[in-house]
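Visitor: Have a look at this one.
The values are calculated or read from the model by the stated rules, or taken from the named source; none is laboratory data. None of the values given here were measured: they were computed from a predicted structure. Please note: Cβ atoms are built from the backbone with ideal geometry, for glycine as well, and neighbour counts cover all protein chains shown. SASA here: full protein model, heavy atoms, side chains in, ligands and nucleic acids out. Shrake-Rupley method; radii C 1.70, N 1.55, O 1.52, S 1.80 Å.
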Amino acid sequence: GRDGHQAQNLYMRKRTGVQSVKAFDLMRAYENNELSADQIYKDQIYQIDGVVSKVRQDQSSGRVVVELKGDKFGMFNVYAVMEERFAQLAKRLRKNDRVSIRGKVLGVVQGMRVDVDNTELIDNLHTG
């Protein structure tokens, strides 16, 4: 079905250069102008680099969510819903850990956050 097709797209893109953005910059773009931010980011696969604000389980879906700080106060966050196979790894993350994730940017689905779906954790040990 559709989901399988989407997963395939993710793998193909993984091998080519994936666009990347810092969580702060992504959040600023949406704060400044949601429409123009959508034109750049919405439904695109992006690598997002940032700092963990919190890790939790989404009430409705049961999926593990990693929130990356979108500002100094952790008020605005990038809300990344993890792929099932990264759930265990994601649960080991701690607040203030630096991480790189890769997923499909959905934009602002509900207040004060930017949603990212189909999110993978990227090994970023080598990125200093």
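Visitor: Under 28 Å between alpha carbons, and skipping anything fewer than 8 positions from Lys72 in its own chain: which lysines qualify?
Guide: Cross-link targets: Lys22, Lys42, Lys54, Lys91, Lys95, Lys104.
Visitor: How would Val108, Val65 rank on accessible area, largest to smallest, probe 1.4 Å?
Guide: Working: Val108 50, Val65 0 Å².
Order by accessible area, largest first: Val108, Val65.
Visitor: Right, here's the next one. In a shell of Cβ-Cβ distance under 15 Å around Arg28, excluding Arg28 itself, what net charge do Lys and Arg (+1) and Asp and Glu (-1) give?
Guide: Around Arg28, the surrounding residues sum to -2.
Visitor: Also, I was wondering about something else. Heads up, I need the accessible area for Leu93: 1.4 angstrom probe, whole protein in place, Å², nearest 10.
Guide: Counting only protein heavy atoms, the figure is 30 Å².
Visitor: In terms of the ratio Rg/(2.2 N^0.38 Å) built on C-alpha atoms, what value belongs to region 34-128? Working shown, then result.
Guide: Values: Rg = 12.5 Å, N = 95, 2.2 N^0.38 = 12.4 Å.
It is 1.00.
Visitor: Let me make sure I get this right: for region 66-109, a, b and c are the square roots of the gyration tensor eigenvalues over alpha carbons, sorted descending. Under 1.5 in a/c it's rounded, otherwise prolate if a/b > b/c, else oblate. Which is it?
Guide: Oblate is the answer for region 66-109, as a/c is 1.5 or above yet b/c matches or exceeds a/b.
Visitor: Please list Met112, Met82 in order of solvent-accessible area, largest first, computed with a 1.4 Å probe with all protein chains present.
Guide: Working: Met112 105, Met82 0 Å².
In descending accessible area the options line up as Met112, Met82.
Visitor: With the crude spin-label approximation of a point 7 Å out along Cα→Cβ, what separation in nm comes out for Ser36 versus Ser20?
Guide: The answer from the label model is 2.5 nm.
Visitor: What residues qualify as long-range amide H neighbours of Phe76, i.e. H under 5 Å apart, gap of 5 or more or another chain, H built at 1.01 Å from N?
Guide: Gly70, Asp71
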